[in-house]
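Written out below as structure tokens is the structure these notes cover.
The values are calculated or read from the model by the stated rules, or taken from the named source; none is laboratory data. Values in this document were obtained by computation on a predicted structure and should not be read as measured data. Quick reminder, even Gly has a Cβ in these numbers, built from the backbone with ideal geometry, and neighbours come from all protein chains shown. For accessibility, only protein heavy atoms count, side chains too; no ligands or nucleic acids. Shrake-Rupley method; radii C 1.70, N 1.55, O 1.52, S 1.80 Å.
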Amino acid sequence: MSKIPIPEKKRGSSVDFLCEHLQNGIFVGRFAPGQRLIERDLIEEFGLSRGPVREAFHRLSADGLVDLIPHRGAIVRRLLRQEVQDLFQIRESLEGLAAGLAAKNINQGQNRKLFTKVWKQACLSKKTMQWNLFMENNQLFHKTIVEISNNTQLYELVEKLRLVVVMFQVGKSMHFDQMIKSNEDHREIAEAILDGDEIKAQRAMSNHVRNSHRWIDTLPESVFKPKLALNSAG
């Protein structure tokens, strides 16, 4: 295995560099929910000692991205069905609020220009509706709405929920029709935001998240973390 060189400016902070590498890998789906992160492989890949790798695992655990399991090590976090359901209930309220605020603030600063650019990128045609591209643009669309809500506390709350991890856990179960429906919901949200209609934007986003929640309820148990694994995760 060839080593990944740590940039010179990062040598004094190899733990930060490794955390960023692993976090990005989780967010783009390179490391799947339930996948074990092999300590030995990372040591060889980055030319690091065991200490920085273990510290990186502990940081990612504190951020809710991995579970540290005795005798197994670091496992990319995989949520129980009930945990996913609970998060979507919270998401419905928080992202609905964010969409309403985004509509209210759409004409402030560069908000309209930024959101228009993101929406053009996220508004995919049926021919380009590939799963990985859909997930990437879905993440960007939702994150931008929270950003232009101009509410720092709301942004931090949504970030702490690590909803990107949840979406990658369930996202691979999405069929083409589900992606099309999600994109139609996004269009209704985007139009309301660009029109500056706070009430319509908030309602459209809440309905969108609620629709996703209902779809997730139909997924098989194999998508979720088995209940019996709860105690072993610590």
* To do: Mind listing the long-range amide H neighbours of residue 78? Cut-off is under 5 Å, sequence gap 5 or more, other chains count too, H placed in the peptide plane at 1.01 Å from N.
  => 34
* Subtracting the Cα-Cα distance from 0.36 nm times the residue separation, let me have the gained length for residue 32 to residue 187 in nm, one decimal. => 52.9 nm
* Asked: Using the Karplus equation 6.51 cos²θ - 1.76 cosθ + 1.60 (θ = phi - 60°), what ³J(HN,Hα) coupling, rounded to whole Hz, does each residue of region 90-107 give in order, writing x for Gly and Pro?
  -> 5, 4, 4, 6, 5, 6, x, 4, 4, 5, x, 5, 4, 5, 5, 9, 4, 9
* Asked: Got a sec to turn the phi values of region 110-123 into Karplus ³J(HN,Hα) couplings, 6.51 cos²θ - 1.76 cosθ + 1.60 with θ = phi - 60°, whole Hz, x for Gly and Pro?
  -> 9, 4, 5, 4, 5, 5, 4, 4, 5, 5, 4, 6, 7, 7
* Structure fact -> If one compares the long axis through the Cα atoms of helix 14-27 with the longest principal axis of the Cα atoms of the chain, the angle in degrees, nearest 10, works out at 50 degrees
* To do: Please work out the average accessible area per residue across the chain, using the 1.4 Å probe convention, and give it in Å².
  => 54 Å²
* Ignoring ligands, DNA and RNA, what percent of the accessible area of the chain is carbon or sulfur (1.4 Å)? -> 50 percent
* ³J(HN,Hα) computed for each position of region 195-201 - Karplus, 6.51 cos²θ - 1.76 cosθ + 1.60, integer Hz, glycine/proline x -> 7, x, 8, 4, 5, 5, 5
* To do: Starting from the residue with the highest accessible area, list 60, 157, 68 in decreasing order, probe 1.4 Å.
  => 157, 68, 60
* Structure fact -> With Cα springs under 10 Å, the Gaussian network model of the chain assigns the largest mean-square fluctuation among 97, 194, 42 to 42
* trypsin sites (Lys or Arg not before Pro) lying in DSSP loop within region 88-181, provided at most 14 other Cβ fall within 10 Å -> 172
* Structure fact -> Once normalised by the length of region 99-202, the mean sequence separation of its alpha carbon contacts under 8 Å that are 6 or more apart gives a contact order in percent of 52 percent
* To do: Against the globular-protein guess of 2.2 N^0.38 Å, express the Cα radius of gyration of the chain as a ratio, rounded to two decimals.
  => 1.10
* Structure fact -> Probe 1.4 Å, all chains present, heavy atoms only: residue 123 accessible area in Å², nearest 10, is 40 Å²
* Nearest-0.05 FRET efficiency for residue 50 and residue 114, computed from C-beta distance (R0 45 Å) -> 0.55
* Take the cross-link list 172/227; 104/172; 113/172; 117/172; 117/200; 120/143 and give me the ones stretching past 24 Å between alpha-carbons. => 104/172; 113/172; 117/172
